[in-house]
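Structure first, commentary second.
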Amino acid sequence: MSRLGRKLNRRHFPTANTSRGRAQDRARVAGGQDHEVRYEAEQERVSKSKVRETVKKVGNSRKKVEANLEK
């Protein structure tokens, strides 16, 4: 592919440089994602299994999970 062709493709397919969706993503805890469970467990000083149980119990809202873990 020529250099010009690559430049044209980049214009039509921009990379995701927006913050759209990031706030929504931070408001949730993905119980199936090990890195998110590990982060939440470290923040609340509980085990990863406790975080997973809490996500199943109260849902994936970060506020609800953290409130339930603090009890």
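Laboratory data are not the source of any read-out in this text; all were calculated from the coordinates shown. Here the structure is a predicted model, which means the values were calculated and not measured. No Cβ is skipped: glycine too gets one built from the backbone with ideal geometry, and neighbour counts run over all protein chains shown.
Quick notes on this one:
- For the peptides 22-31, 44-53, the ranking by mean Cβ contacts within 10 Å, running from highest to lowest, is 44-53, 22-31.
- Amide hydrogen proximity for ARG28: with H placed 1.01 Å from N in the peptide plane, the residues at 5 or more positions away or on another chain lying under 5 Å are ARG62.
- Cut-off 12 Å between beta-carbons: net charge of the residues surrounding GLU44, Lys and Arg +1, Asp and Glu -1: +2
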